[in-house]
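Below: the structure, in structure tokens.
The values are calculated or read from the model by the stated rules, or taken from the named source; none is laboratory data. Worth saying up front: this structure is predicted, and the values here are computed from it rather than measured. Neighbour counts are summed over all protein chains in view; Cβ atoms, including those assigned to glycine, are modelled from backbone coordinates with ideal geometry. SASA here: full protein model, heavy atoms, side chains in, ligands and nucleic acids out. Shrake-Rupley method; radii C 1.70, N 1.55, O 1.52, S 1.80 Å.
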Amino acid sequence: MKTRESIGILLLAFGLWAPAPARADVYQEPEAFIAEIFGSNTPPKVLWLTKEIQAEVTAILGHPPMQLRQRYWGDAKRTVWLLEETGKEEPITAGFVVVDGRIDHVRVLIYRESRGQEIRQPAFLRQFKDARLARGARLDRDIDGIAGATLSVGAMERMARLALYFDARSRN
């Protein structure tokens, strides 16, 4: 047993051993999602997260935001938000298109968890179509869960609420 431990310590010390990287299923590159909506030459805009916005984001996500600004793409009618939120252990990257204060469509772009990939299926994502923010920064509807993907479903709901909140703030 000592020999095995010694080898492990040596491998770790020389950087030859490391945990396996998290898997990432890339369903669509974020840049391709933006280009699909606005074309390839649309520059991003920036929403600065003031202390007031940071407090709201913290309430929506259940944790403080990771950055002080949020990039987005938009025109007079619609905005596109690329957001990341942790499911169980790994971040999920999703794209949200908001039109007139409602979610027009959503797509899971990159999924890194070992389970719960079903959240990328159209049948699940259609539940977000036309969702709005209700009182208390909640969605105006319930989203049905998926067995084995409870935390991923929760992450998608939080990101949907955040996209709608950010859309409203970007228009003020």
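Annotations
- Against the list (1) of a type in the set (Val, Ile, Thr); (2) surrounded by fewer than 20 Cβ atoms within 10 Å (Cβ to Cβ); (3) under 18 Å from Ile34 (Cβ atoms), the condition Ile92 fails is (2).
- Taking the criterion of being among the aromatic types (Phe, Trp, Tyr) and within 16 Å of Trp81 (Cα to Cα), the residues of segment 22-54 that qualify are Phe33, Phe38, Trp48.
- Every pair of residues 6+ apart whose Cβ atoms lie under 6 Å, when the first sits in segment 110-133 and is closer than 21 Å to Pro91 by Cα while the second is among the aromatic types (Phe, Trp, Tyr) and not in a loop (DSSP other than H, G, I, E, B): Gln117/Tyr111
- Scanning segment 65-82 for residues that are outside any loop (DSSP other than H, G, I, E, B) and open to solvent by less than 60 Å² (accessible area, probe 1.4 Å), we see that the one that is farthest from Ala32 (Cα to Cα) is Gln70.
- Check on Val97, at pLDDT 90 or above, under 30 Å from Arg171 (Cα atoms), in contact with a His (Cβ under 8 Å, 6 or more places away or on another chain) and outside any helix (DSSP H, G or I): yes
- Qualifying positions in segment 20-45 - among the aromatic types (Phe, Trp, Tyr) and either open to solvent by 90 Å² or more (accessible area, probe 1.4 Å) or within 18 Å of Asp167 (Cβ to Cβ) (or both): Phe33, Phe38
- Checking each residue in segment 46-64 for being part of a helix (DSSP H, G or I), surrounded by fewer than 17 Cβ atoms within 10 Å (Cβ to Cβ) and touching a residue at least 24 places away in the same chain (Cβ under 8 Å) picks out only Ala59.
- Inside segment 102-129, residues that are open to solvent by 30 Å² or more (accessible area, probe 1.4 Å) and either closer than 20 Å to Lys45 by Cβ or not in a loop (DSSP other than H, G, I, E, B) (or both) make up a count of 11.
- Residue check, Thr3 modelled with pLDDT under 90, out of contact with any helix residue (DSSP H, G or I) (no Cβ under 6 Å at 6 or more places or on another chain) and either open to solvent by less than 60 Å² (accessible area, probe 1.4 Å) or under 30 Å from Thr79 (Cα atoms) (or both): no
- The listed residue being closer than 22 Å to Gly74 by Cβ and open to solvent by 20 Å² or more (accessible area, probe 1.4 Å), out of Leu164, Leu133: Leu133
- Residues located in segment 140-154, provided they are within 18 Å of Glu89 (Cβ to Cβ) and either open to solvent by 70 Å² or more (accessible area, probe 1.4 Å) or of a type in the set (A, V, I, L, M, F, W, C) (or both): Ile146, Ala149, Thr150, Leu151, Val153
- Positions within segment 35-81 being among the small types (Gly, Ala, Ser) and over 17 Å from Ser170 (Cα atoms), in sequence order: Ala35, Gly39, Ser40, Ala59, Gly62
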